[in-house]
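First the structure, in the form of structure tokens, and then the observations on it.
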Amino acid sequence: MRVYDHPILGKLPDRKEITILVDGKKIKAYEDETIATAILASGIKTLRYTSEKHEPRGIFCAIGQCTDCVMEVNGQPNVRTCITPVEENMVIATQQGLGTWRKVSSKKK
Ligand code: FES
């Protein structure tokens, strides 16, 4: 869910719509928003699973301090998605434990 017209902050400015890939699924995002914002707006709440108990984690601090929101982004684990802006065709994966470095290929147009 997105707030397009906030009662105090006003209307959301027009921004370019882009697409990111999250666990193989195309998600709509807007330029200049964070990865976590786009993912939460799509309805996904779990961003990673803890390494020992495999418990789900999502946004906690939303200011880049707690690391609860880390995900694998373009093959790089432990990216704090609450402070990382989206980019067209980013490949993002729910992180399991400490994450894994992966070689990814994104198709850029
Ligand atoms: S939610 Fe705390 S670092 Fe992202």
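No lab work stands behind these numbers, since they all come straight from the coordinates. All figures in this text were calculated on a predicted structure; none of them were measured in a lab. Here Cβ is always computed from backbone atoms with ideal geometry, including for glycine, and neighbour counts include all displayed protein chains.
Close Lys pairs in the chain, defined as Cα atoms under 20 Å apart and 8 or more places apart or on different chains, number 22. Between Lys11 and Lys45, the simple spin-label model (points 7 angstrom out along Cα→Cβ) gives 3.2 nm. Who wins for biggest fluctuation among Lys25, Lys45, Lys16 in a Gaussian network model of the chain, springs between alpha carbons below 10 Å? Greatest mean-square fluctuation among the candidates belongs to Lys16.
Of Cys61, Cys69, Cys82, the residue with the greatest mean-square motion in the GNM of the chain, using alpha carbon springs below 10 Å, is Cys61.
The magnitude of the dipole of the chain, with charges of +1 and -1 set on the Cβ of Lys/Arg and Asp/Glu and taken from the Cα centre, is near 340 debye. Of all DSSP-defined beta bridges confined to region 12-96, some 80% are antiparallel rather than parallel. Between Arg2 and Gln96, residue separation times 0.36 nm minus the direct Cα-Cα distance comes to 31.1 nm.
Dividing the summed -39500 (n - 2.57) terms of all DSSP H runs of n ≥ 4 by the residue count of the chain sets its mean residue ellipticity at 222 nm at -1500 deg cm²/dmol. Compute a Gaussian network model of the chain, connecting alpha carbons closer than 10 Å, and tell me which residue from Gln76, Gln95, Gln65 fluctuates the most. Greatest mean-square fluctuation among the candidates belongs to Gln65. The distance between label points at Phe60 and Asn78 comes to 1.6 nm (points 7 Å beyond Cα on the Cα→Cβ vector).
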